[in-house]
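Some notes on the structure that comes next.
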Amino acid sequence: MEEKQVNLCESEYRLAEIVWEREPVSSGELVALCEGRLGGKKSTVYTVLKKLCQKGVLQNENATVIALVKAEQVQRFDSEQLVNGRFGGSLPRFLTAFMAGKKISPTEAEELKQLIDSYREKED
């Protein structure tokens, strides 16, 4: 089954993030969480929630909100769009731009090396 490609604006992503962390969550609790964390009004929260339901990302049934799309799926699509759109599909170009002027710890470097090794294509 092909994964759904979902493009979310920042406000949609931030609301979905709360659902991913707390699901299942009542719509009333979601409004309270959004008001506290995002500063949104009740009407704005319900508008964004409705858009996310229409996109098939969330489901609000009987005042209980759950995710139909996982965070990792949205993040993967976002990162692919960024690398393809801004860096011509080149992961090394993206990492070069991202890492410019930054230092990483030996532990982080080893984690990244292991990650790269786990995705490396095998030579025949």
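The values are calculated or read from the model by the stated rules, or taken from the named source; none is laboratory data. If you're wondering where the values come from, they're calculated on a predicted model, not measured in any experiment. Reconstructed Cβ throughout: ideal geometry from the backbone, glycine too, with neighbour counts over all protein chains shown.
For the stretch 18-57, the candidate set comprises residues that are polar (S, T, N, Q) and out of contact with any Cys (no Cβ under 9 Å at 6 or more places or on another chain); within that set, the residue that is surrounded by the most Cβ atoms within 10 Å (Cβ to Cβ) is Ser27. The residue pairs whose first member lies in the stretch 110-121 and is closer than 14 Å to Leu91 by Cβ, whose second member is at pLDDT 95 or above and surrounded by fewer than 10 Cβ atoms within 10 Å (Cβ to Cβ), and whose beta carbons are closer than 6 Å, counting only pairs six or more residues apart or on different chains, do not exist in this structure.
Summed over the stretch 99-114, residues that are surrounded by 10 or more Cβ atoms within 10 Å (Cβ to Cβ) and either under 22 Å from the mean Cα position of the chain (by Cα) or at positive phi (or both) total 4. Could we say that Glu12 is at negative phi, among the acidic types (Asp, Glu) and in contact with a helix residue (DSSP H, G or I) (Cβ under 7 Å, 6 or more places away or on another chain) here? Here the answer is yes, as Glu12 does meet what is asked. Looking at the stretch 29-39, is at least one residue modelled with pLDDT under 95 and either basic (Lys, Arg) or farther than 26 Å from Cys9 by Cβ (or both)? Yes, that holds for at least one residue. In the stretch 78-98, the residues that are within 20 Å of Val6 (Cα to Cα) form Cβ pairs under 8 Å with partners that are polar (S, T, N, Q), at six or more places apart or across chains, as follows: Asp78/Asn7; Gln81/Asn7; Val83/Ser90. Name the pairs: first residue in the stretch 22-36 and touching a residue at least 40 places away in the same chain (Cβ under 8 Å), second residue part of a helix (DSSP H, G or I), Cβ to Cβ under 7 Å, at least 6 apart or on different chains? Note: pairs meeting the criteria are Val25/Val19.
The set of residues from the stretch 64-110 being under 22 Å from Cys9 (Cβ atoms) and of a type in the set (Lys, Arg) comprises Lys70, Arg76, Arg86. Taking the conditions (1) farther than 18 Å from Val6 by Cα; (2) part of a loop (DSSP other than H, G, I, E, B); (3) under 21 Å from the mean Cα position of the chain (by Cα); (4) not aromatic (Phe, Trp, Tyr) in turn, Val69 satisfies each one other than (1).
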